[in-house]
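Asker: Please read through the structure below; I'll follow up with questions.
The values are calculated or read from the model by the stated rules, or taken from the named source; none is laboratory data. Quick caveat, the model's predicted, so the values are computed rather than measured. A quick note on method: Cβ atoms are made from the backbone with ideal geometry, for glycine too, and the neighbour counts reach across all protein chains shown. When the accessible area is computed, the model is the full protein with side chains, heavy atoms only, and any ligands, DNA or RNA have been set aside. Shrake-Rupley method; radii C 1.70, N 1.55, O 1.52, S 1.80 Å.
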Amino acid sequence: MIKKILTAPFLFLIKIYQLFISPLTPATCRFHPTCSQYSKEALKKYGLLKGGWLAIKRIFSCHPWGKSGHDPVP
């Protein structure tokens, strides 16, 4: 219950991004699932601390010199 309460604002922000911001930008994510979907899944599965850490690591690895391809939430 606490995990859901703590992650809800972040999941809401991700949803807003996916609905209103992402469609306006070109698809440039190098990974599957996308970074926003990965973050959403990580937060739901692990909660704010570990899920947030995984999301931050994933977002910072999404650059032209980073990896690419299929990278599911562990």
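Asker: Go through segment 19-36 residue by residue and tally those that are free of Cβ contacts under 8 Å to residues at least 12 places away in the same chain and either of a type outside the set (Ser, Thr, Tyr) or assigned to a helix (DSSP H, G or I) (or both).
Answerer: Residues in segment 19-36 being free of Cβ contacts under 8 Å to residues at least 12 places away in the same chain and either of a type outside the set (Ser, Thr, Tyr) or assigned to a helix (DSSP H, G or I) (or both): 7 in total.
Asker: State yes or no: is Ile56 β-branched (Val, Ile, Thr), open to solvent by 40 Å² or more (accessible area, probe 1.4 Å), in a helix (DSSP H, G or I) and at pLDDT 95 or above? Give the steps one after another, and end with the answer.
Answerer: Values: β-branched (Val, Ile, Thr): yes; open to solvent by 40 Å² or more (accessible area, probe 1.4 Å): yes; in a helix (DSSP H, G or I): yes; at pLDDT 95 or above: yes.
Taking the combined requirement at face value, the residue satisfies it.
Asker: Can I ask one more? Among the numbered criteria (1) loosely packed, with under 14 Cβ neighbours inside 10 Å; (2) touching a residue at least 24 places away in the same chain (Cβ under 8 Å); (3) not small (Gly, Ala, Ser), which one does Lys3 miss?
Answerer: That leaves (1) as the condition not met.
Asker: Condition first: in contact with a Gly (Cβ under 9 Å, 6 or more places away or on another chain) and open to solvent by 60 Å² or more (accessible area, probe 1.4 Å). Now tell me which residues in segment 27-50 satisfy that.
Answerer: Within segment 27-50, Arg30, His32, Glu41, Lys44, Lys45, Tyr46 meet the criteria.
Asker: Test Cys29 against the stated conditions and say whether it is modelled with pLDDT under 90 and of a type in the set (A, V, I, L, M, F, W, C).
Answerer: yes
Asker: Can I ask one more? Exactly one condition in (1) on the phi > 0 side of the Ramachandran plot; (2) open to solvent by 70 Å² or more (accessible area, probe 1.4 Å) is false for Gly69; which is it?
Answerer: (2)
Asker: Can you confirm whether segment 7-16 contains a residue that is in a loop (DSSP other than H, G, I, E, B) and open to solvent by 70 Å² or more (accessible area, probe 1.4 Å)?
Answerer: No: zero hits.
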